[in-house]
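The values are calculated or read from the model by the stated rules, or taken from the named source; none is laboratory data. Remember, it's a predicted structure, so these values are computed and weren't measured experimentally. Reconstructed Cβ throughout: ideal geometry from the backbone, glycine too, with neighbour counts over all protein chains shown.
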Amino acid sequence: MNGAESLVRTLLASGIDTCFANPGTSEMHFVAALDQIPGLRCVLGLQENVVTGMADGYCRMAEKPAATLLHCGPGLANGLANLHNARRARSAIVNIVGDQATYHRPHDAPLTADTDALARTVSAWTRTTAEAGDVGRDAAIAVQAARAHPGQIATLILPSDASWSAGGRVGEALGAPAPAPLDPGAVETAARLLRNGGRTLLLLAGSAALAPGQGLAHRLARASGAGVMFDFVNARMARGRGRLAAARVPYAMSEAIAALAPFDTILLVGAKPPVGFFAYPGLPSVQYAPTARLHVLSRPEQDGVAALQALVDVIGAPEAPFEASGPAPEPARGAVTPEAFAQTLAALMPEEAIVSDESITFGRALLGATHVAAPHDWLQLTGGAIGDGLPVATGAAIGAGAARRVVSLQADGSAMYSLQSLWTQARENLPCTTIVFSNRRYEILIGEYRAVGATPGPTAMDMLDLGRPDLDWVKLAGGMGVEGARAETMEACADLMRHSFARPGPFLIELAI
(Lines give C-alpha, C1' and ligand atoms only; values in the text may rest on other atoms or scores of the structure.)
Protein backbone atom coordinates (compact mmCIF):
# COMPACT_ATOMS: atom_id res chain seq x y z
CA MET A 1 0.00 0.00 0.00
CA ASN A 2 1.41 3.39 -0.93
CA GLY A 3 0.79 6.65 0.91
CA ALA A 4 -2.01 7.76 -1.42
CA GLU A 5 -3.91 4.51 -0.93
CA SER A 6 -3.61 4.81 2.84
CA LEU A 7 -4.94 8.37 2.52
CA VAL A 8 -8.09 7.31 0.69
CA ARG A 9 -8.77 4.42 3.04
CA THR A 10 -8.26 6.67 6.08
CA LEU A 11 -10.61 9.34 4.74
CA LEU A 12 -13.28 6.71 4.17
CA ALA A 13 -12.76 5.21 7.64
CA SER A 14 -13.06 8.73 9.10
CA GLY A 15 -16.44 9.39 7.48
CA ILE A 16 -15.31 11.45 4.47
CA ASP A 17 -17.30 10.37 1.41
CA THR A 18 -16.98 13.36 -0.95
CA CYS A 19 -13.93 14.98 -2.53
CA PHE A 20 -14.10 18.21 -4.54
CA ALA A 21 -11.09 18.23 -6.82
CA ASN A 22 -8.93 20.02 -9.33
CA PRO A 23 -5.79 17.84 -9.44
CA GLY A 24 -2.36 18.17 -11.04
CA THR A 25 0.79 16.12 -11.53
CA SER A 26 1.79 16.02 -7.86
CA GLU A 27 -1.57 14.47 -6.98
CA MET A 28 -1.75 11.76 -9.66
CA HIS A 29 -1.15 8.91 -7.22
CA PHE A 30 -4.00 10.22 -5.07
CA VAL A 31 -6.16 10.35 -8.20
CA ALA A 32 -5.14 6.76 -9.01
CA ALA A 33 -6.05 5.66 -5.48
CA LEU A 34 -9.46 7.32 -5.79
CA ASP A 35 -9.93 5.38 -9.02
CA GLN A 36 -8.98 2.05 -7.47
CA ILE A 37 -10.70 2.30 -4.07
CA PRO A 38 -14.50 2.74 -4.19
CA GLY A 39 -16.50 4.90 -1.82
CA LEU A 40 -15.42 8.50 -2.32
CA ARG A 41 -17.59 10.61 -4.62
CA CYS A 42 -15.25 12.80 -6.68
CA VAL A 43 -16.63 16.10 -8.02
CA LEU A 44 -14.53 18.07 -10.48
CA GLY A 45 -14.37 21.86 -10.35
CA LEU A 46 -12.81 23.79 -13.20
CA GLN A 47 -11.08 26.31 -10.90
CA GLU A 48 -9.86 25.90 -7.35
CA ASN A 49 -12.03 28.67 -5.93
CA VAL A 50 -15.02 26.70 -7.19
CA VAL A 51 -13.61 23.59 -5.48
CA THR A 52 -13.19 25.24 -2.09
CA GLY A 53 -16.55 27.03 -2.33
CA MET A 54 -18.29 23.73 -3.10
CA ALA A 55 -16.70 22.16 -0.02
CA ASP A 56 -18.03 25.08 2.05
CA GLY A 57 -21.59 24.72 0.74
CA TYR A 58 -21.46 20.95 1.17
CA CYS A 59 -20.52 21.22 4.85
CA ARG A 60 -23.19 23.83 5.56
CA MET A 61 -25.90 21.36 4.48
CA ALA A 62 -24.37 17.91 5.10
CA GLU A 63 -23.03 19.04 8.51
CA LYS A 64 -19.81 17.11 7.99
CA PRO A 65 -16.54 17.79 6.20
CA ALA A 66 -15.64 17.05 2.61
CA ALA A 67 -12.13 16.79 1.24
CA THR A 68 -10.67 19.04 -1.40
CA LEU A 69 -7.86 18.08 -3.76
CA LEU A 70 -5.72 21.06 -4.79
CA HIS A 71 -2.56 21.30 -6.89
CA CYS A 72 0.48 22.65 -5.06
CA GLY A 73 0.82 26.16 -3.63
CA PRO A 74 -0.63 28.02 -6.64
CA GLY A 75 -3.70 25.76 -6.67
CA LEU A 76 -4.25 26.40 -2.98
CA ALA A 77 -3.75 30.12 -3.62
CA ASN A 78 -6.48 30.04 -6.27
CA GLY A 79 -8.86 28.62 -3.68
CA LEU A 80 -7.99 30.97 -0.81
CA ALA A 81 -10.85 33.46 -1.27
CA ASN A 82 -13.53 30.86 -0.70
CA LEU A 83 -11.48 29.21 2.03
CA HIS A 84 -11.55 32.64 3.70
CA ASN A 85 -15.36 32.60 3.38
CA ALA A 86 -15.47 29.01 4.65
CA ARG A 87 -13.35 29.93 7.67
CA ARG A 88 -15.80 32.73 8.48
CA ALA A 89 -18.69 30.27 8.01
CA ARG A 90 -16.88 27.86 10.37
CA SER A 91 -17.22 25.10 7.81
CA ALA A 92 -15.36 21.84 8.27
CA ILE A 93 -13.05 21.15 5.31
CA VAL A 94 -10.05 18.84 4.86
CA ASN A 95 -7.74 20.22 2.17
CA ILE A 96 -5.36 17.76 0.52
CA VAL A 97 -2.69 19.82 -1.22
CA GLY A 98 0.00 18.23 -3.36
CA ASP A 99 3.57 19.46 -3.26
CA GLN A 100 6.95 18.86 -4.84
CA ALA A 101 8.67 15.59 -3.96
CA THR A 102 10.94 16.07 -0.97
CA TYR A 103 14.11 15.51 -2.98
CA HIS A 104 12.88 17.72 -5.86
CA ARG A 105 11.97 20.75 -3.75
CA PRO A 106 15.57 22.02 -3.27
CA HIS A 107 15.84 22.44 -7.07
CA ASP A 108 13.24 25.28 -6.94
CA ALA A 109 11.09 24.05 -9.84
CA PRO A 110 8.54 26.56 -11.23
CA LEU A 111 5.59 25.42 -9.08
CA THR A 112 7.59 25.42 -5.85
CA ALA A 113 5.94 27.71 -3.28
CA ASP A 114 5.65 28.25 0.46
CA THR A 115 2.50 26.16 0.57
CA ASP A 116 2.52 25.86 4.34
CA ALA A 117 2.51 29.65 4.75
CA LEU A 118 -0.39 29.99 2.32
CA ALA A 119 -2.34 27.29 4.14
CA ARG A 120 -1.89 28.93 7.53
CA THR A 121 -3.75 32.05 6.40
CA VAL A 122 -7.04 30.12 6.35
CA SER A 123 -6.40 26.88 8.27
CA ALA A 124 -6.76 26.10 11.96
CA TRP A 125 -4.58 23.00 11.48
CA THR A 126 -1.77 22.49 8.96
CA ARG A 127 0.76 19.71 8.50
CA THR A 128 3.24 18.63 5.83
CA THR A 129 3.68 14.85 5.79
CA ALA A 130 6.92 13.65 4.21
CA GLU A 131 6.77 9.89 4.88
CA ALA A 132 4.29 7.44 3.33
CA GLY A 133 3.96 5.62 6.64
CA ASP A 134 2.67 8.78 8.34
CA VAL A 135 0.05 9.80 5.76
CA GLY A 136 -2.82 7.75 7.22
CA ARG A 137 -2.16 8.88 10.77
CA ASP A 138 -1.96 12.53 9.76
CA ALA A 139 -5.08 12.30 7.59
CA ALA A 140 -7.07 10.96 10.55
CA ILE A 141 -5.81 13.85 12.70
CA ALA A 142 -6.74 16.31 9.93
CA VAL A 143 -10.32 15.03 9.84
CA GLN A 144 -10.56 15.23 13.62
CA ALA A 145 -9.22 18.80 13.53
CA ALA A 146 -11.76 19.80 10.85
CA ARG A 147 -14.59 18.40 12.96
CA ALA A 148 -13.76 20.54 16.01
CA HIS A 149 -17.00 22.36 16.90
CA PRO A 150 -18.52 24.02 14.98
CA GLY A 151 -16.07 23.25 12.17
CA GLN A 152 -12.73 24.47 10.91
CA ILE A 153 -10.29 24.08 8.04
CA ALA A 154 -7.51 21.51 8.18
CA THR A 155 -4.86 21.36 5.45
CA LEU A 156 -2.66 18.33 4.82
CA ILE A 157 0.25 19.01 2.45
CA LEU A 158 1.62 15.91 0.72
CA PRO A 159 4.90 15.88 -1.20
CA SER A 160 4.36 13.59 -4.17
CA ASP A 161 6.86 10.98 -2.99
CA ALA A 162 4.89 10.57 0.25
CA SER A 163 1.96 9.57 -1.98
CA TRP A 164 3.73 7.17 -4.33
CA SER A 165 6.12 5.51 -1.85
CA ALA A 166 5.28 2.14 -0.30
CA GLY A 167 4.70 1.69 3.40
CA GLY A 168 1.35 3.42 3.80
CA ARG A 169 -0.76 2.51 6.82
CA VAL A 170 -4.46 3.25 7.33
CA GLY A 171 -5.00 5.71 10.15
CA GLU A 172 -7.46 4.91 12.90
CA ALA A 173 -10.56 7.10 12.82
CA LEU A 174 -10.59 9.61 15.66
CA GLY A 175 -13.64 10.97 17.44
CA ALA A 176 -14.83 14.51 16.93
CA PRO A 177 -13.80 16.90 19.73
CA ALA A 178 -16.66 17.97 21.97
CA PRO A 179 -17.73 21.64 21.95
CA ALA A 180 -16.04 23.85 24.50
CA PRO A 181 -17.98 23.64 27.79
CA LEU A 182 -20.48 26.34 28.66
CA ASP A 183 -19.76 28.80 31.43
CA PRO A 184 -22.49 28.49 34.10
CA GLY A 185 -21.56 31.97 35.29
CA ALA A 186 -22.24 33.38 31.84
CA VAL A 187 -25.68 31.78 31.88
CA GLU A 188 -26.49 33.16 35.33
CA THR A 189 -25.31 36.63 34.35
CA ALA A 190 -27.42 36.52 31.19
CA ALA A 191 -30.46 35.53 33.26
CA ARG A 192 -29.86 38.43 35.62
CA LEU A 193 -29.56 40.86 32.71
CA LEU A 194 -32.83 39.60 31.22
CA ARG A 195 -34.58 40.03 34.56
CA ASN A 196 -33.29 43.57 35.09
CA GLY A 197 -35.93 45.01 32.80
CA GLY A 198 -33.60 46.96 30.52
CA ARG A 199 -33.82 46.84 26.75
CA THR A 200 -31.94 43.64 25.91
CA LEU A 201 -31.14 42.04 22.56
CA LEU A 202 -30.41 38.39 21.86
CA LEU A 203 -28.03 38.40 18.87
CA LEU A 204 -27.98 34.97 17.21
CA ALA A 205 -25.37 33.36 14.98
CA GLY A 206 -24.04 29.88 14.24
CA SER A 207 -26.22 26.99 15.38
CA ALA A 208 -28.46 29.43 17.26
CA ALA A 209 -29.74 30.65 13.86
CA LEU A 210 -31.25 27.24 13.07
CA ALA A 211 -34.77 26.19 14.02
CA PRO A 212 -34.12 24.76 17.52
CA GLY A 213 -32.14 27.82 18.57
CA GLN A 214 -34.77 30.14 17.15
CA GLY A 215 -37.48 28.44 19.17
CA LEU A 216 -35.52 28.84 22.41
CA ALA A 217 -34.70 32.48 21.66
CA HIS A 218 -38.38 33.14 20.99
CA ARG A 219 -39.31 31.67 24.36
CA LEU A 220 -36.76 33.90 26.08
CA ALA A 221 -38.01 36.94 24.22
CA ARG A 222 -41.64 36.26 25.14
CA ALA A 223 -40.77 35.64 28.78
CA SER A 224 -38.49 38.66 29.24
CA GLY A 225 -39.44 41.22 26.60
CA ALA A 226 -36.01 41.00 24.97
CA GLY A 227 -35.54 41.60 21.26
CA VAL A 228 -34.04 39.03 18.88
CA MET A 229 -31.92 39.68 15.81
CA PHE A 230 -29.59 37.63 13.61
CA ASP A 231 -26.02 38.58 12.89
CA PHE A 232 -25.61 40.18 9.45
CA VAL A 233 -23.78 37.15 8.06
CA ASN A 234 -24.70 33.57 8.88
CA ALA A 235 -23.50 30.34 7.36
CA ARG A 236 -27.05 28.98 7.49
CA MET A 237 -30.37 30.27 8.78
CA ALA A 238 -33.72 28.52 9.05
CA ARG A 239 -36.35 30.73 7.40
CA GLY A 240 -39.97 30.66 6.23
CA ARG A 241 -43.25 29.70 7.84
CA GLY A 242 -42.89 28.21 11.31
CA ARG A 243 -39.57 29.96 11.92
CA LEU A 244 -38.65 33.14 13.78
CA ALA A 245 -39.55 36.34 11.93
CA ALA A 246 -36.55 38.30 13.18
CA ALA A 247 -34.45 40.79 11.25
CA ARG A 248 -30.70 40.65 10.84
CA VAL A 249 -28.32 43.49 11.62
CA PRO A 250 -28.27 45.71 8.51
CA TYR A 251 -25.18 46.04 6.31
CA ALA A 252 -25.18 49.84 5.98
CA MET A 253 -23.47 51.45 8.98
CA SER A 254 -26.06 54.16 9.57
CA GLU A 255 -28.90 51.64 9.41
CA ALA A 256 -27.10 49.19 11.70
CA ILE A 257 -26.33 51.89 14.26
CA ALA A 258 -29.98 52.95 14.25
CA ALA A 259 -31.21 49.36 14.60
CA LEU A 260 -28.97 48.62 17.58
CA ALA A 261 -29.22 52.02 19.28
CA PRO A 262 -32.26 51.18 21.48
CA PHE A 263 -30.54 48.28 23.27
CA ASP A 264 -28.85 48.72 26.65
CA THR A 265 -27.56 45.14 26.65
CA ILE A 266 -26.65 42.72 23.87
CA LEU A 267 -26.37 39.02 24.66
CA LEU A 268 -24.07 37.39 22.11
CA VAL A 269 -25.13 33.84 21.24
CA GLY A 270 -22.44 32.48 18.94
CA ALA A 271 -22.06 36.00 17.56
CA LYS A 272 -19.24 38.51 17.65
CA PRO A 273 -19.78 42.14 18.66
CA PRO A 274 -21.35 43.77 15.58
CA VAL A 275 -18.90 45.93 13.61
CA GLY A 276 -18.93 47.42 10.13
CA PHE A 277 -17.38 45.67 7.16
CA PHE A 278 -15.22 48.76 6.61
CA ALA A 279 -14.31 52.05 8.24
CA TYR A 280 -16.10 55.15 6.97
CA PRO A 281 -15.16 58.79 7.55
CA GLY A 282 -17.01 60.23 10.53
CA LEU A 283 -18.54 56.92 11.65
CA PRO A 284 -17.50 54.54 14.44
CA SER A 285 -16.22 51.04 13.76
CA VAL A 286 -18.74 49.39 16.08
CA GLN A 287 -22.47 49.39 15.36
CA TYR A 288 -23.84 49.20 18.90
CA ALA A 289 -24.33 52.14 21.25
CA PRO A 290 -21.21 53.27 23.16
CA THR A 291 -23.06 52.76 26.45
CA ALA A 292 -24.36 49.27 25.59
CA ARG A 293 -23.20 46.33 27.64
CA LEU A 294 -22.10 43.27 25.66
CA HIS A 295 -22.30 39.88 27.35
CA VAL A 296 -21.11 36.61 25.81
CA LEU A 297 -23.62 33.85 26.49
CA SER A 298 -21.76 31.47 24.16
CA ARG A 299 -18.67 31.73 21.98
CA PRO A 300 -18.69 30.24 18.46
CA GLU A 301 -16.76 27.17 19.65
CA GLN A 302 -19.46 26.48 22.27
CA ASP A 303 -22.90 25.00 21.66
CA GLY A 304 -25.21 27.98 21.19
CA VAL A 305 -28.37 25.90 21.33
CA ALA A 306 -27.29 24.32 24.62
CA ALA A 307 -26.55 27.80 25.98
CA LEU A 308 -30.03 29.02 25.04
CA GLN A 309 -31.57 25.91 26.60
CA ALA A 310 -29.65 26.51 29.81
CA LEU A 311 -30.85 30.11 29.88
CA VAL A 312 -34.44 29.00 29.24
CA ASP A 313 -34.15 26.62 32.18
CA VAL A 314 -32.80 29.30 34.53
CA ILE A 315 -35.40 31.86 33.46
CA GLY A 316 -38.19 29.29 33.44
CA ALA A 317 -39.37 30.52 30.05
CA PRO A 318 -42.54 28.64 29.03
CA GLU A 319 -43.25 27.20 25.61
CA ALA A 320 -44.18 29.91 23.13
CA PRO A 321 -45.41 29.09 19.62
CA PHE A 322 -44.36 31.36 16.77
CA GLU A 323 -46.87 33.89 15.59
CA ALA A 324 -48.71 32.93 12.41
CA SER A 325 -46.87 34.32 9.41
CA GLY A 326 -49.87 34.48 7.09
CA PRO A 327 -50.34 32.87 3.69
CA ALA A 328 -47.77 33.09 0.92
CA PRO A 329 -48.44 36.01 -1.44
CA GLU A 330 -49.25 35.85 -5.12
CA PRO A 331 -46.37 36.41 -7.55
CA ALA A 332 -45.80 40.07 -8.38
CA ARG A 333 -46.53 41.57 -11.75
CA GLY A 334 -45.00 44.36 -13.81
CA ALA A 335 -41.62 45.99 -13.35
CA VAL A 336 -38.70 44.25 -11.65
CA THR A 337 -37.94 45.70 -8.20
CA PRO A 338 -36.40 44.14 -5.09
CA GLU A 339 -39.82 44.16 -3.40
CA ALA A 340 -41.54 42.54 -6.39
CA PHE A 341 -38.89 39.87 -6.66
CA ALA A 342 -39.06 39.10 -2.93
CA GLN A 343 -42.83 38.72 -3.20
CA THR A 344 -42.47 36.36 -6.15
CA LEU A 345 -39.78 34.28 -4.48
CA ALA A 346 -41.93 33.96 -1.35
CA ALA A 347 -44.87 32.88 -3.48
CA LEU A 348 -43.07 30.23 -5.54
CA MET A 349 -40.23 28.89 -3.38
CA PRO A 350 -40.43 25.09 -3.11
CA GLU A 351 -40.78 23.38 0.25
CA GLU A 352 -37.42 22.92 2.00
CA ALA A 353 -35.55 24.86 -0.66
CA ILE A 354 -32.00 26.09 -0.02
CA VAL A 355 -31.19 29.70 -0.89
CA SER A 356 -27.57 30.58 -1.66
CA ASP A 357 -27.54 34.36 -1.38
CA GLU A 358 -24.90 36.45 -3.10
CA SER A 359 -27.39 39.02 -4.34
CA ILE A 360 -25.33 41.86 -2.77
CA THR A 361 -27.24 45.17 -3.06
CA PHE A 362 -30.39 44.02 -4.87
CA GLY A 363 -31.12 41.39 -2.26
CA ARG A 364 -30.65 43.22 1.03
CA ALA A 365 -34.41 43.41 1.64
CA LEU A 366 -35.20 39.86 0.52
CA LEU A 367 -34.73 38.10 3.84
CA GLY A 368 -37.58 39.72 5.74
CA ALA A 369 -40.03 39.54 2.86
CA THR A 370 -39.55 35.81 2.43
CA HIS A 371 -40.57 34.92 5.99
CA VAL A 372 -43.98 33.92 4.63
CA ALA A 373 -42.39 31.51 2.11
CA ALA A 374 -42.33 27.76 2.51
CA PRO A 375 -39.78 26.56 5.11
CA HIS A 376 -36.25 26.82 3.70
CA ASP A 377 -32.59 27.33 4.59
CA TRP A 378 -30.74 30.55 3.75
CA LEU A 379 -26.97 30.49 3.14
CA GLN A 380 -25.06 33.77 3.09
CA LEU A 381 -21.72 35.14 1.95
CA THR A 382 -19.91 35.02 5.28
CA GLY A 383 -16.46 36.45 4.63
CA GLY A 384 -17.17 39.19 2.11
CA ALA A 385 -14.90 37.69 -0.59
CA ILE A 386 -17.22 37.73 -3.59
CA GLY A 387 -17.56 34.71 -5.81
CA ASP A 388 -18.95 32.18 -3.34
CA GLY A 389 -22.66 32.13 -4.30
CA LEU A 390 -22.48 29.72 -7.22
CA PRO A 391 -19.93 27.31 -5.67
CA VAL A 392 -21.76 27.27 -2.33
CA ALA A 393 -25.02 26.51 -4.16
CA THR A 394 -23.33 23.67 -6.05
CA GLY A 395 -21.84 22.12 -2.93
CA ALA A 396 -25.07 22.60 -0.98
CA ALA A 397 -26.99 20.68 -3.66
CA ILE A 398 -24.59 17.76 -3.28
CA GLY A 399 -24.61 17.94 0.50
CA ALA A 400 -28.41 18.09 0.78
CA GLY A 401 -29.32 15.61 -1.97
CA ALA A 402 -31.53 15.77 -5.04
CA ALA A 403 -34.79 16.14 -3.09
CA ARG A 404 -34.07 19.78 -2.19
CA ARG A 405 -34.03 22.59 -4.76
CA VAL A 406 -31.23 25.14 -4.47
CA VAL A 407 -32.08 28.71 -5.49
CA SER A 408 -28.98 30.77 -6.12
CA LEU A 409 -29.56 34.55 -5.88
CA GLN A 410 -26.58 35.98 -7.68
CA ALA A 411 -25.23 39.42 -8.55
CA ASP A 412 -23.80 39.48 -12.06
CA GLY A 413 -20.41 40.96 -11.19
CA SER A 414 -19.60 38.46 -8.44
CA ALA A 415 -20.93 35.58 -10.54
CA MET A 416 -18.10 36.14 -13.02
CA TYR A 417 -15.60 35.16 -10.34
CA SER A 418 -16.77 31.54 -10.33
CA LEU A 419 -19.15 30.95 -13.25
CA GLN A 420 -17.33 27.62 -13.87
CA SER A 421 -19.65 26.31 -11.13
CA LEU A 422 -22.39 26.09 -13.75
CA TRP A 423 -20.38 23.44 -15.60
CA THR A 424 -20.20 21.28 -12.48
CA GLN A 425 -23.94 21.75 -11.93
CA ALA A 426 -24.56 20.51 -15.48
CA ARG A 427 -22.14 17.61 -15.22
CA GLU A 428 -23.64 16.41 -11.93
CA ASN A 429 -27.24 17.25 -13.02
CA LEU A 430 -27.83 19.19 -9.83
CA PRO A 431 -31.20 20.74 -8.83
CA CYS A 432 -29.95 24.33 -8.97
CA THR A 433 -31.86 27.39 -10.14
CA THR A 434 -29.57 30.38 -10.61
CA ILE A 435 -31.15 33.84 -10.82
CA VAL A 436 -28.61 36.40 -11.99
CA PHE A 437 -29.53 40.00 -11.16
CA SER A 438 -28.19 41.66 -14.26
CA ASN A 439 -27.57 45.38 -13.90
CA ARG A 440 -24.17 45.19 -15.65
CA ARG A 441 -22.31 47.15 -13.01
CA TYR A 442 -20.77 46.79 -9.56
CA GLU A 443 -23.70 48.47 -7.84
CA ILE A 444 -22.35 47.89 -4.34
CA LEU A 445 -19.15 49.78 -5.16
CA ILE A 446 -21.10 52.75 -6.46
CA GLY A 447 -22.78 52.95 -3.05
CA GLU A 448 -19.49 52.37 -1.23
CA TYR A 449 -17.84 55.13 -3.27
CA ARG A 450 -20.41 57.58 -1.99
CA ALA A 451 -20.27 56.14 1.54
CA VAL A 452 -16.63 57.11 1.90
CA GLY A 453 -17.50 60.68 0.92
CA ALA A 454 -16.53 60.73 -2.76
CA THR A 455 -18.50 61.40 -5.92
CA PRO A 456 -17.70 58.98 -8.76
CA GLY A 457 -16.64 60.64 -12.01
CA PRO A 458 -16.23 59.17 -15.51
CA THR A 459 -13.01 57.25 -14.78
CA ALA A 460 -14.39 55.78 -11.55
CA MET A 461 -17.71 54.85 -13.13
CA ASP A 462 -15.90 53.16 -16.00
CA MET A 463 -14.16 50.87 -13.50
CA LEU A 464 -17.53 50.03 -11.90
CA ASP A 465 -19.31 49.32 -15.19
CA LEU A 466 -19.67 45.84 -16.73
CA GLY A 467 -20.67 47.03 -20.21
CA ARG A 468 -18.78 47.31 -23.50
CA PRO A 469 -19.42 44.44 -24.11
CA ASP A 470 -22.50 43.44 -22.10
CA LEU A 471 -22.41 40.10 -20.35
CA ASP A 472 -24.87 37.64 -21.91
CA TRP A 473 -25.71 35.20 -19.16
CA VAL A 474 -27.93 32.98 -21.27
CA LYS A 475 -25.03 32.36 -23.67
CA LEU A 476 -22.54 31.99 -20.83
CA ALA A 477 -24.76 29.39 -19.16
CA GLY A 478 -25.31 27.57 -22.44
CA GLY A 479 -21.57 27.35 -22.95
CA MET A 480 -21.35 25.59 -19.58
CA GLY A 481 -24.15 23.16 -20.44
CA VAL A 482 -26.91 24.90 -18.45
CA GLU A 483 -30.14 25.95 -20.13
CA GLY A 484 -31.10 29.56 -19.50
CA ALA A 485 -33.48 32.37 -20.44
CA ARG A 486 -33.74 36.12 -19.88
CA ALA A 487 -36.63 37.87 -18.11
CA GLU A 488 -37.41 41.59 -18.09
CA THR A 489 -40.74 41.53 -16.23
CA MET A 490 -41.93 39.83 -13.08
CA GLU A 491 -44.45 37.78 -15.05
CA ALA A 492 -41.66 36.33 -17.21
CA CYS A 493 -39.49 35.76 -14.15
CA ALA A 494 -42.29 33.87 -12.36
CA ASP A 495 -42.92 31.67 -15.40
CA LEU A 496 -39.22 30.78 -15.63
CA MET A 497 -38.99 30.11 -11.90
CA ARG A 498 -41.94 27.68 -12.11
CA HIS A 499 -40.32 25.98 -15.10
CA SER A 500 -36.96 25.62 -13.36
CA PHE A 501 -38.40 24.37 -10.06
CA ALA A 502 -40.23 21.58 -11.90
CA ARG A 503 -37.15 20.19 -13.65
CA PRO A 504 -34.49 17.91 -12.14
CA GLY A 505 -31.33 19.65 -13.36
CA PRO A 506 -29.87 23.17 -13.39
CA PHE A 507 -31.41 26.24 -15.00
CA LEU A 508 -30.35 29.90 -15.16
CA ILE A 509 -32.55 33.00 -15.28
CA GLU A 510 -30.95 36.29 -16.26
CA LEU A 511 -33.20 38.88 -14.63
CA ALA A 512 -32.72 42.39 -16.02
CA ILE A 513 -32.77 44.94 -13.19
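Things worth noting here:
- Qualifying residue in the range 57-65 (condition: surrounded by fewer than 22 Cβ atoms within 10 Å (Cβ to Cβ) and either in contact with a Leu (Cβ under 7 Å, 6 or more places away or on another chain) or assigned to a strand (DSSP E or B) (or both)): no
- Residue in the range 146-154 that is of a type in the set (K, R), over 30 Å from P250 (Cα atoms) and either at pLDDT below 95 or under 21 Å from the mean Cα position of the chain (by Cα) (or both) present: yes
- Exactly one residue out of V436, V392, V406, V452 is surrounded by fewer than 22 Cβ atoms within 10 Å (Cβ to Cβ), among the β-branched types (V, I, T) and either within 22 Å of P506 (Cα to Cα) or not assigned by TED's automatic domain parsing to the domain that holds L44 (or both), and it is V452.
- Condition check for E339 on (1) surrounded by fewer than 24 Cβ atoms within 10 Å (Cβ to Cβ); (2) touching a residue at least 60 places away in the same chain (Cβ under 8 Å); (3) outside any loop (DSSP other than H, G, I, E, B): one failure, at (2).
- Counting only residues that are touching a Pro at 6+ places or on another chain (Cβ under 8 Å) and over 12 Å from A307 (Cβ atoms), the range 171-204 holds 2 of them.
- Checked against the criterion of being surrounded by fewer than 23 Cβ atoms within 10 Å (Cβ to Cβ), part of a helix (DSSP H, G or I) and not basic (K, R), the candidates M54, M28 yield just one match: M28.
- Total residues in the range 169-198, condition within 19 Å of L260 (Cα to Cα) and crowded, with 16+ Cβ neighbours inside 10 Å: 3
- Considering residues of the range 12-71 that are within 19 Å of the chain's Cα centre (by Cα) and acidic (D, E) only, the residue farthest from I93 (Cα to Cα): E48
- Of all the numbered requirements in (1) polar (S, T, N, Q); (2) in a helix (DSSP H, G or I); (3) touching a strand residue (DSSP E or B) at 6+ places or on another chain (Cβ under 7 Å), S207 misses one, and that requirement is (3).
- Of all residues in the range 464-494 being more than 18 Å from A415 (Cβ to Cβ) and more than 27 Å from the chain's Cα centre (by Cα), the one that is surrounded by the most Cβ atoms within 10 Å (Cβ to Cβ): M490
- Any hit, the range 71-94, residues being assigned to a strand (DSSP E or B) and touching a residue at least 12 places away in the same chain (Cβ under 8 Å): yes
- Yes/no for V122 being in a loop (DSSP other than H, G, I, E, B), assigned by TED's automatic domain parsing to the domain that holds E27 and crowded, with 24+ Cβ neighbours inside 10 Å: yes
- The test for being surrounded by fewer than 17 Cβ atoms within 10 Å (Cβ to Cβ), out of contact with any His (no Cβ under 6 Å at 6 or more places or on another chain) and outside the structural domain of P273 (by TED's automatic domain parsing) does not hold for P212.
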